[in-house]
Amino acid sequence: MKIIDLGNEITQANLVSPGAIPSSGPLGSSLDLQGYQGKVRITLNIGTVTGTSPTLDIKVQDSADNATFADVSPAVAFAQKVSGSANTNDSIVVDTRAVRRYIKLYGTVGGTTPSFTVSALAIGQKQTI
């Protein structure tokens, strides 16, 4: 059995600071995966949801240069969020070996005057020498 020192091997990165997402577009900041190994878990926290028939689709995009991002293929995305998604958590896993160096979340908002309060964290293991 391997003993893991979580304090020194597992890192957390803030992808999306808590706030309202009223329109479609890139969310928060990118994450540089250099030094990560294996899989990174992205946890999405949904707070307040307002509007008429609001929907939120969040997918992962990647980039080689941290400037031009494109959808990850095959797609890596959260299940669609709707008005009933208020005050919930969800998570997905990104395999660092299957994407380019940088990743970022992209949200598509639908409905009439929709707004979702969200935050997102990435948790992964850094390589050790």
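Details
- Filter result (farther than 28 Å from N87 by Cα and at pLDDT below 95) within region 8-32: N8, E9
- Here is the figure for region 85-99: residues that are touching a residue at least 40 places away in the same chain (Cβ under 8 Å) and either of a type in the set (V, I, T) or crowded, with 17+ Cβ neighbours inside 10 Å (or both) total 6.
- Strands (runs of 3 or more DSSP E) within region 33-129 that include 2 or more residues small (G, A, S) and under 19 Å from V16 (Cα atoms): 36-63, 102-126
- Residue match in region 46-59 (condition: of a type in the set (D, E, K, R), modelled with pLDDT of 95 or more and surrounded by 14 or more Cβ atoms within 10 Å (Cβ to Cβ)): yes
The values are calculated or read from the model by the stated rules, or taken from the named source; none is laboratory data. In this text, all values refer to a predicted model and were calculated from it rather than measured experimentally. No Cβ is skipped: glycine too gets one built from the backbone with ideal geometry, and neighbour counts run over all protein chains shown.
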